[in-house]
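The values are calculated or read from the model by the stated rules, or taken from the named source; none is laboratory data. In this text the structure is predicted, and so the values were computed from the model without any measurement. Here Cβ is always computed from backbone atoms with ideal geometry, including for glycine, and neighbour counts include all displayed protein chains.
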Amino acid sequence: MDDHFGDRLVQAVREKGTAGCVGFDPVLTKLPLAILQEYGLRLGDDGLPTCLTDVAAAVRAIEIYGAALIEIVAKHVPVIKINIAYFEVFYEAGIAAYHRLVKLARDAGLLVIGDVKRSDIGHTAAQYAQAQMRGMVGEANTNATPDAITVNPYFGSDGIDPFVEVSRDTGRGLFVLVQTSNPSAEQFQGLTFADGDTVCQKMAKLVDGWANQEELIGASGFSTIGAVVSPRDLPSTEYIRSLMPRSIFLVPGFGAQGRSVDEVVRCFKDDGTGAIVAASRSVMYAYANDAYAGAHGDDWKSCIDHACRDFAGQIKSVMA
């Protein structure tokens, strides 16, 4: 498979020297004031933009901000994760901007994860897989389609198989939700079976079955089928890592959500491979951090650049 996502990700991490992934979850009200003003988004008495009265301007502001972010982070990390929800709120204008930014990021040399968390069964799952992994029907240029996407597995294999089929055909990747970073995830994922395994550990074993198919394994030894795993306690994280040896982990929660270097290191294999670590708010809103703003003032791009360099360095140290 010439376009194997796992192999390309391993190579991209090797070239950049870090397994950092910057998440792009753009909340309009948190964009730099200079961009909001440039696109005529009026500020209310509370200092927040009264923006939804001009959807075109709002989407343009997000897209310009996203383009600047892509240019900056492409120098430091191999991967960007773009969350489609922050674009869907603007309907067709937002979706179009999402795909333009996917293309822009890929053109900049970044691997792109579409954080779409799709899930369903049968023909509906097949349509989701087509839309998010193959691109628009009849569209020859697939560069606006992410290199990998996130999927929710809780329909079981009926819901995953259509995505795996497209992965097999195209080489694009999947990151299956196994252990997420939100605090209430334990209400379900932490439930324990009679044999001592939790729900998320049972899910990890299913993911390994999907991932460990010969035609999905690349030259790197990794599958196109990865897993979203947020580390919790040390023993459970090491156990989950052992359950999915062929899967690359997408590790959320670093930075603003509180996951530390000591926690995420357990998601890597002993040789420093097998995981990418995502940070979103701590990088993309670095200009709101007093430490970076104190160093760079109103230069929001320099704040992001500084924060991204710091993040990439932290993750590099984990891989050693």
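Show the residue pairs that are 6+ apart or on different chains and have beta-carbon atoms under 8 Å apart, the first residue being within the stretch 103-116 and closer than 14 Å to A68 by Cα and among the hydroxyl-bearing types (S, T, Y), the second being surrounded by fewer than 20 Cβ atoms within 10 Å (Cβ to Cβ) and modelled with pLDDT of 95 or more.
Correct list of pairs: empty, since none qualify.
Just to be sure I understand, how many residues within the stretch 94-128 are small (G, A, S), under 15 Å from V59 (Cα atoms) and surrounded by 16 or more Cβ atoms within 10 Å (Cβ to Cβ)? Give the steps one after another, and end with the answer.
First, the residues of the stretch 94-128 that are small (G, A, S): 94, 96-97, 105, 108-109, 114, 119, 122, 125-126.
Right, trim to under 15 Å from V59 (Cα atoms) and you get 94, 96-97.
Narrowing further to those that are surrounded by 16 or more Cβ atoms within 10 Å (Cβ to Cβ): 94, 97.
Qualifying residue count, the stretch 94-128: 2.
Among residues belonging to the stretch 1-30 that are in a helix (DSSP H, G or I), among the hydrophobic types (A, V, I, L, M, F, W, C) and modelled with pLDDT of 95 or more, point out the one that is farthest from V264 (Cα to Cα).
F5
Which residues, counting only those in the stretch 53-98, are assigned to a loop (DSSP other than H, G, I, E, B), modelled with pLDDT of 95 or more and within 12 Å of P26 (Cα to Cα)?
Correct list: I84 only.
Mind listing just one residue for me: the one in the stretch 267-320 that is of a type in the set (D, E) and in a helix (DSSP H, G or I) and, of those, farthest from P252 (Cα to Cα)?
Restricting attention to the stretch 267-320, the residues satisfying the condition of being of a type in the set (D, E) are 270-271, 290, 298-299, 305, 310.
Applying the additional criterion that residues be in a helix (DSSP H, G or I) yields 290, 305, 310.
Details: D290: 24, D305: 20, D310: 17 Å.
It comes out as D290.
Which one of the conditions (1) out of contact with any Phe, Trp or Tyr (no Cβ under 7 Å at 6 or more places or on another chain); (2) closer than 29 Å to R168 by Cα; (3) of a type in the set (V, I, T) does V261 fail to meet, given that it meets all the rest?
(2)
To keep it simple, each residue is scored yes or no on (1) out of contact with any Phe, Trp or Tyr (no Cβ under 6 Å at 6 or more places or on another chain); (2) modelled with pLDDT under 95.
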site: L101; (1), (2): yes, no
site: I113; (1), (2): yes, no
site: G135; (1), (2): yes, yes
site: E139; (1), (2): yes, yes
site: T142; (1), (2): yes, yes
site: V151; (1), (2): no, no
site: Y154; (1), (2): yes, yes
site: D158; (1), (2): yes, yes
site: P162; (1), (2): yes, no
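In the stretch 283-304, how many residues are in contact with a His (Cβ under 8 Å, 6 or more places away or on another chain) and either crowded, with 21+ Cβ neighbours inside 10 Å or closer than 19 Å to I82 by Cβ (or both)?
Matching residues across the stretch 283-304 total 4.
Inside the stretch 244-259, can you point out the residues that are modelled with pLDDT of 95 or more, in contact with a strand residue (DSSP E or B) (Cβ under 9 Å, 6 or more places away or on another chain) and either farther than 30 Å from W300 by Cβ or assigned to a loop (DSSP other than H, G, I, E, B) (or both)?
M244, R246, S247, I248, F249
Is there a residue being over 25 Å from A279 (Cα atoms) and surrounded by fewer than 20 Cβ atoms within 10 Å (Cβ to Cβ) anywhere in the stretch 176-192?
Yes.
Go through (1) part of a helix (DSSP H, G or I); (2) touching a helix residue (DSSP H, G or I) at 6+ places or on another chain (Cβ under 7 Å) one by one and return the number of the condition D262 breaks.
The one condition D262 does not meet is (2).
Take the residues of the stretch 100-135 that are within 14 Å of the chain's Cα centre (by Cα) and β-branched (V, I, T): which is nearest to G159 (Cα to Cα)?
That would be V116.
Check off (1) touching a strand residue (DSSP E or B) at 6+ places or on another chain (Cβ under 9 Å); (2) surrounded by fewer than 24 Cβ atoms within 10 Å (Cβ to Cβ) for E214 and give me the number that stays unchecked.
Evaluating E214 over (1) touching a strand residue (DSSP E or B) at 6+ places or on another chain (Cβ under 9 Å); (2) surrounded by fewer than 24 Cβ atoms within 10 Å (Cβ to Cβ) leaves (1) as the failure.
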